[in-house]
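Worksheet: the structure to be examined is printed underneath.
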Amino acid sequence: MKPRPDDFLERRKHLEKMSDQELKAYFWKLTDQITDPLLELAKTHTTPAIERSVLMRMGFSSLEAKSLTDMMMEHHLLKHGAGHVVYRYAQVNKLSIREAGLALMNASELSKMVEVFK
């Protein structure tokens with residue numbers, strides 16, 4: 001393995017004249033540039049595994065969560081968030097979260113939610 005040339009002094013020249021406060025501001029600016037695309041991606045994309053996890057945290061068993069997630073995927077509702085779909089159904093029908101999720105395992109009830117999210 002050949003040693004990497006030490007070019008630290010050359011690479012830091014643009015930072016030399018910055019104060020501690022300016023360096024901190026520059027650090028946070030670079031951090032934002034790195035994380036902003038990741039945050040945007042997380043806001044607009046999900047996976048069945050994430051949606052199952054959300055449903056499990058809402059009190060559904062792993063088998064119930066898988067079934068709900070699969071059905072929502074078939075009905076193109078997963079992009080709205082599985083937990084959100086269950087929550088909205090519960091609100092509209094004045095049910096508990098658990099009752100709403102179990103009711104949504106019926107395909108005809110899930111089809112109603114397709115209309116709600118149009």
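Taken together, the values in this text are just the output of simple stated rules run on the coordinates, not laboratory data. Since this is a predicted model, take the numbers as computed values, not measurements. Methodologically, a virtual Cβ is constructed for each residue, glycine included, from the backbone with ideal geometry; neighbour enumeration extends over all protein chains shown.
Kindly express, to the nearest 10 degrees and within the range 0 to 90, the angle between helix 107-116's C-alpha long axis and the longest C-alpha principal axis of the chain.
Once rounded, one gets 60 degrees.
Multiply the residue separation of MET18 and LEU38 by 0.36 nm, subtract the distance between their alpha-carbon atoms, and state the gained length in nm to one decimal.
Once the chain is fully extended between MET18 and LEU38, it gains 4.4 nm.
How far is helix 48-57 tilted off the main Cα axis of the chain, in degrees rounded to 10, range 0 to 90?
Helix 48-57 and the main axis of the chain meet at about 70 degrees.
Which value in deg cm²/dmol, rounded to the nearest 500, describes the helix-derived mean residue ellipticity at 222 nm for the chain, given -39,500 (n - 2.57) per DSSP H run of n ≥ 4 and division by the residue count?
Value at 222 nm, helices only: -21000 deg cm²/dmol.
How about the range 1-74: which trypsin sites (Lys or Arg not before Pro) there lie in a loop by DSSP and see at most 14 other Cβ atoms within 10 Å?
In loop regions of the range 1-74 (DSSP not H, G, I, E or B), the sparsely surrounded trypsin sites (Lys or Arg not before Pro) are ARG12, LYS17.
Mind checking the angle between helix 20-44 and the chain's longest principal axis? C-alpha axes, 0 to 90 degrees, to the nearest 10.
In the chain, helix 20-44 runs at an angle near 30 degrees to the longest axis.
Say the cut-off is 22 Å between C-alpha atoms; which of LYS66/LYS118; LYS2/LYS29; LYS79/LYS118; LYS43/LYS94; LYS79/LYS112 go over it?
LYS66/LYS118; LYS2/LYS29; LYS43/LYS94
To the nearest 20 debye, what charge dipole does the chain have about its Cα centre, counting +1 at the Cβ of each Lys and Arg and -1 at the Cβ of each Asp and Glu?
Numbers: 18 positive and 16 negative charges, 14 e Å.
Using only the charged Cβ atoms, the result is roughly 60 debye.
Of the labelled options [x] 17.4, 58; [y] 23.8, 69; [z] 13.8, 43, which one gives Rg and Dmax of the Cα atoms in Å as computed for this structure?
Of the listed options [x] 17.4, 58; [y] 23.8, 69; [z] 13.8, 43, [y] comes from this structure.
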